[in-house]
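The values are calculated or read from the model by the stated rules, or taken from the named source; none is laboratory data. None of the values given here were measured: they were computed from a predicted structure. Note that we place each Cβ from the backbone using ideal geometry, even for glycine, and neighbour counts take in every protein chain shown. The area values use the complete protein model at the heavy-atom level, side chains included, leaving out ligands, DNA and RNA. Shrake-Rupley method; radii C 1.70, N 1.55, O 1.52, S 1.80 Å.
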Amino acid sequence: MGDIRYFIRDYVNSKRAPDRKSQLFIHEENSDSAQKHAQYILDEMLKWGRHRFWEIQHFNPFCHGEYNSENIGPSEGTASLEEHIVGIISDFDKDHWNNMMNPAWTHIGADAAYDNAAGLLILVQRFC
């Protein structure tokens, strides 16, 4: 799923462009950390249940990298990876949306973890 981080970046940039926000560049270290965080959340949810997302989304024992803010979102169903990601971002509440659109950000570290059998995807975005 390594290329999915570039899809996330490009989709976020497409939402920032109409407001003339600067384009975000990929931050590889934060993307790697985001993927580990997403996988941790996914594994916990598969093991203990979907409710676990709300309990652990911002707890990450494997958190490395330097970032100022993050957005985390789950998606369920039979959609493609891209459809899951577009759905999560499109459904962000105002605070998450404003975080993503913050003109101070120049880089995004982003990735996802996906379990096709469970139809569950976790998206993690990190901004700096």
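Remark: pairs (first residue in segment 1-22, of a type in the set (Gly, Ala, Ser); second residue in a loop (DSSP other than H, G, I, E, B); Cβ separation under 7 Å; 6+ apart in sequence or on different chains) = Ser22/Pro103; Ser22/Thr106.
From the set of residues in segment 77-90 that are surrounded by 13 or more Cβ atoms within 10 Å (Cβ to Cβ) and modelled with pLDDT under 90, which is farthest from Asp10 (Cα to Cα)? The qualifying residue farthest from Asp10 (Cα to Cα) is Ala79. Pairing residues of segment 84-96 that are within 18 Å of Ala113 (Cβ to Cβ) and hydrophobic (A, V, I, L, M, F, W, C) with residues that are open to solvent by less than 10 Å² (accessible area, probe 1.4 Å) and modelled with pLDDT under 90, at Cβ distances under 6 Å and at least 6 apart in sequence or on separate chains, gives Ile88/Gly73. Which of the residues that make up segment 1-14 are open to solvent by less than 50 Å² (accessible area, probe 1.4 Å) and either over 14 Å from Leu123 (Cα atoms) or part of a strand (DSSP E or B) (or both)? Scanning segment 1-14 gives a single hit, Asn13. Quick check: anything in segment 118-127 at pLDDT below 90 and either loosely packed, with under 13 Cβ neighbours inside 10 Å or of a type in the set (Ser, Thr, Tyr) (or both)? Checked against the condition, which is being at pLDDT below 90 and either loosely packed, with under 13 Cβ neighbours inside 10 Å or of a type in the set (Ser, Thr, Tyr) (or both), segment 118-127 yields no hits at all.
Taken over segment 15-44, residues that are touching a Phe, Trp or Tyr at 6+ places or on another chain (Cβ under 8 Å), crowded, with 22+ Cβ neighbours inside 10 Å and at pLDDT below 95 amount to 5.
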